[in-house]
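Asks: What follows is a structure written as structure tokens; I'll ask about it next.
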Amino acid sequence: MRNNSSALSRRSVLAAGTAAALLTVLPQPGQAALSEAQARTLVDALVADINQVIASGKSESAMFTEFSRIFGRYSDVPTIARYTLGTDARGASPAQMAAFTKEFQRYISVKYGKRFREFIGGQIEVQGAKAVKSFIEVKSLAKLKGQAPFEVTFLVSDKGGRPLFFNMFIEGINMLLTERTEIGAMLDRRRGSIDGLIQDLKSAG
Amino acid sequence: MNGIALGVLGMALLSGCSVPGPGGAPDGIHDPYEFSNRRAHMFNRDVDRTIVRPVARSYGKVANNDLKTVVDNVATNFATPGIMVNNLLQGDLGGFGKNLYRVVINSTLGIGGLFDPASELSDVALVDADFGMTLARWGAPEGAYLELPLLGPSTERDAIGRFVDLFTNPLRYTLDPPERNVSTAVRVIDRIGDRQRFGDTIDSVLYDSADGYAQTRLIYLQNRRFQIGGSDQDPYSDPYEDPYAQ
């Protein structure tokens, strides 16, 4: 009896130990991986960098280089790029995906860099963070001179390996959806050729 | 009141608003009139390229930022009584009160609306409203997407709203011809100022996009739904859930 129970308890201790070891390895459903505070920290740093660039008075091309660096550092460019390709990403080779992702980063940096350039003389202020679905929504206000303030929202996730934003809304206008429409139209123009799209992307934005 | 009679007429017209069938609006876009809409888009783009954009660029060179702000203030002040009618029709008494405060302060301290002390000194921002928004609050469906000649992107609901809003501003009935013409002129100049101020953004959509019509449509619908709010549509697609995003 005594032997038996001690054997049992040893077994259960071992089992518990194994379970604990497994738990540290396996992803745990129900536990928020990314906190609101972490997401806010990311967007605070992102917004500080954007504000610094728009206040720097650098030339247009120097600003685009800065915005490309900002996109690379704070956003999940591969996921955004893949999403905008939609189902066409399935037929793309790894080399095509790599080339597309690289050109896409340049393209969105120039395109959204131009939008941010319109913020010159203004400021972006982070308002707050809130968990939505499996990610964190961070709201900010862009305050520009002689214009009513408007909302810029970032969606942040750590599924790309570290906290990164994967979508941005300027007054409700969704970057992922807008760019999927645009990339889709560019693909249609090239009759679905990804190499053609990559070529066109080099001069777009 | 005139606005209410027109509102009833508007509601009657709305029963003719087209509603998509199940699965009939991919990405939340319901565009059964795409063919004629695309023709209107080409027409609007030609008008912009040949008339509006050159005029806006000249205006940008002539007018400095202070003048543009004054024009914007006057146009907003003239438009505010019409906005207040819509605040009331939506049951938004808070918005009505803020806008009333703005008209009183800006028309007096702001010297007939030239300046905007209500925003600058007391931080009371305009609570925007229009009849398209009012119809949405009353539960009217958005209807099909429309691109109207000269007026640009709209929906069936917003087109009715724009028409009704020609009559909702009480100043239309109280101003005599000289002031009324001034108000119209200021509104037109203000729109040209907007074309100039957001020039790069508008150019990028109209002239640089692979499909400027589709971009205009998507941007208008998203921004309009965001303004109206309370939509049951979920704009938050999750790229990490997409099988092709992995």
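Asks: Among A:L176, A:L141, which is surrounded by 20 or more Cβ atoms within 10 Å (Cβ to Cβ), over 26 Å from A:S59 (Cβ atoms) and either more than 8 Å from chain B (Cβ to nearest Cβ) or touching a strand residue (DSSP E or B) at 6+ places or on another chain (Cβ under 9 Å) (or both)?
Replies: Of the residues listed, the single one that is surrounded by 20 or more Cβ atoms within 10 Å (Cβ to Cβ), over 26 Å from A:S59 (Cβ atoms) and either more than 8 Å from chain B (Cβ to nearest Cβ) or touching a strand residue (DSSP E or B) at 6+ places or on another chain (Cβ under 9 Å) (or both) is A:L176.
Asks: Kindly check whether there is at least one residue in the range B:120-141 that is assigned to a helix (DSSP H, G or I) and within 13 Å of another protein chain (Cβ to nearest Cβ).
Replies: yes
Asks: Okay, next question. Please give the strands (runs of 3 or more DSSP E) falling wholly within the range A:115-205 in which 2 or more residues are touching a Gly at 6+ places or on another chain (Cβ under 7 Å). Please lay out each step first, then the result.
Replies: Details: elements: A:123-132, A:135-143, A:150-157, A:164-170.
It comes to A:135-143.
Asks: Suppose we keep only residues that are within 14 Å of another protein chain (Cβ to nearest Cβ) and in contact with an Asp or Glu (Cβ under 7 Å, 6 or more places away or on another chain) within the range B:21-76. Which one would you say is surrounded by the most Cβ atoms within 10 Å (Cβ to Cβ)?
Replies: So the residue we want is B:N73.
Asks: If you go through the range B:133-144 one residue at a time, do you hit one that is surrounded by 20 or more Cβ atoms within 10 Å (Cβ to Cβ) and at positive phi?
Replies: Pass one, the range B:133-144, residues surrounded by 20 or more Cβ atoms within 10 Å (Cβ to Cβ): B:133-136, B:140, B:142-144.
Now narrow it down to the ones that are at positive phi: B:143.
Yes, the range B:133-144 contains a residue that is surrounded by 20 or more Cβ atoms within 10 Å (Cβ to Cβ) and at positive phi.
Asks: Can you tell me how many residues within the range B:166-184 are of a type outside the set (S, T, N, Q), in a helix (DSSP H, G or I) and open to solvent by 50 Å² or more (accessible area, probe 1.4 Å)?
Replies: The total comes to 9.
Asks: If A:R162 meets every condition in (1) in contact with a Lys or Arg (Cβ under 9 Å, 6 or more places away or on another chain); (2) more than 12 Å from every other protein chain (Cβ to nearest Cβ); (3) at pLDDT below 95; (4) open to solvent by 10 Å² or more (accessible area, probe 1.4 Å) apart from one, which number is that one?
Replies: Result: A:R162 passes all but (1).
Asks: Please verify whether A:V152 is closer than 30 Å to B:T69 by Cβ and either at pLDDT below 90 or open to solvent by less than 10 Å² (accessible area, probe 1.4 Å) (or both), treating the condition exactly as stated.
Replies: yes
Asks: Would you call A:V132 of a type outside the set (D, E) and more than 12 Å from chain B (Cβ to nearest Cβ)?
Replies: no
Asks: Another one. With the checklist (1) at pLDDT 95 or above; (2) closer than 30 Å to B:D128 by Cβ in hand, flag the one item A:I183 doesn't pass.
Replies: Here A:I183 clears every test but (2).
Asks: Restricting to the range B:198-219, name every residue that is in contact with a Gly (Cβ under 8 Å, 6 or more places away or on another chain) and closer than 27 Å to B:F78 by Cα.
Replies: B:G199, the sole residue that qualifies.
Asks: Give me the pairs, please: first residue somewhere in the range A:68-85 and small (G, A, S), second residue anywhere and not in a helix (DSSP H, G or I), beta-carbon distance under 6 Å, and either six or more positions apart or on two chains.
Replies: Final answer for the pair search is A:S75/A:L164; A:S75/A:F165.
Asks: With the condition kept exactly as written, say whether any residue in the range A:99-120 is open to solvent by less than 10 Å² (accessible area, probe 1.4 Å) and at the interface with another protein chain (Cβ under 10 Å from one of its Cβ atoms).
Replies: No, the range A:99-120 contains no residue that is open to solvent by less than 10 Å² (accessible area, probe 1.4 Å) and at the interface with another protein chain (Cβ under 10 Å from one of its Cβ atoms).
Asks: Same structure, new question: Using beta carbons and a limit of 7 Å, which pairs, at least six apart or on different chains, have the first residue in the range A:156-179 and in contact (Cβ under 8 Å) with a residue 40 or more places away in the chain and over 21 Å from B:R225 (Cα atoms) and the second one polar (S, T, N, Q) and part of a helix (DSSP H, G or I)?
Replies: Taking only residues 6 or more apart or on different chains, the pairs are A:G160/A:T79; A:P163/A:Q38; A:F166/A:T79.
Asks: Given the residues B:R191, B:R162, B:R187, which is the only one that is of a type outside the set (S, T, Y), farther than 23 Å from A:I173 by Cα, in a helix (DSSP H, G or I) and open to solvent by 50 Å² or more (accessible area, probe 1.4 Å)?
Replies: The unique qualifying residue is B:R187.
Asks: Where residues in the range B:77-90 are touching a residue at least 12 places away in the same chain (Cβ under 8 Å) and open to solvent by 30 Å² or more (accessible area, probe 1.4 Å), which of them is nearest to B:E179 (Cα to Cα)?
Replies: Residues of the range B:77-90 touching a residue at least 12 places away in the same chain (Cβ under 8 Å): B:77-87, B:89-90.
Keeping just the survivors that are open to solvent by 30 Å² or more (accessible area, probe 1.4 Å) gives B:78-79, B:89-90.
Numbers: B:F78: 10, B:A79: 13, B:L89: 26, B:Q90: 29 Å.
By that ranking, first place goes to B:F78.
Asks: In addition: Could we say that B:L126 is within 16 Å of the chain's Cα centre (by Cα) and either open to solvent by 50 Å² or more (accessible area, probe 1.4 Å) or of a type in the set (K, R) (or both) here?
Replies: Yes: the conditions hold for B:L126.
Asks: Show the residue pairs that are 6+ apart or on different chains and have beta-carbon atoms under 7 Å apart, the first residue being within the range B:211-223 and facing chain A (nearest Cβ under 7 Å) and within 19 Å of A:V152 (Cβ to Cβ), the second being among the charged types (D, E, K, R) and open to solvent by 30 Å² or more (accessible area, probe 1.4 Å).
Replies: Note: pairs meeting the criteria are B:N223/A:E171.
Asks: Name the one entry in A:R10, A:R90 that is open to solvent by 80 Å² or more (accessible area, probe 1.4 Å), closer than 22 Å to A:L176 by Cα, in a helix (DSSP H, G or I) and modelled with pLDDT under 90.
Replies: Result: A:R90 is the single residue among A:R10, A:R90 that is open to solvent by 80 Å² or more (accessible area, probe 1.4 Å), closer than 22 Å to A:L176 by Cα, in a helix (DSSP H, G or I) and modelled with pLDDT under 90.
The values are calculated or read from the model by the stated rules, or taken from the named source; none is laboratory data. It should be emphasised that the depicted structure is a prediction, and the values quoted were computed from it without experimental measurement. Counting neighbours? That spans all protein chains shown, and the Cβs are built from the backbone with ideal geometry, glycine included. When the accessible area is computed, the model is the full protein with side chains, heavy atoms only, and any ligands, DNA or RNA have been set aside. Shrake-Rupley method; radii C 1.70, N 1.55, O 1.52, S 1.80 Å.
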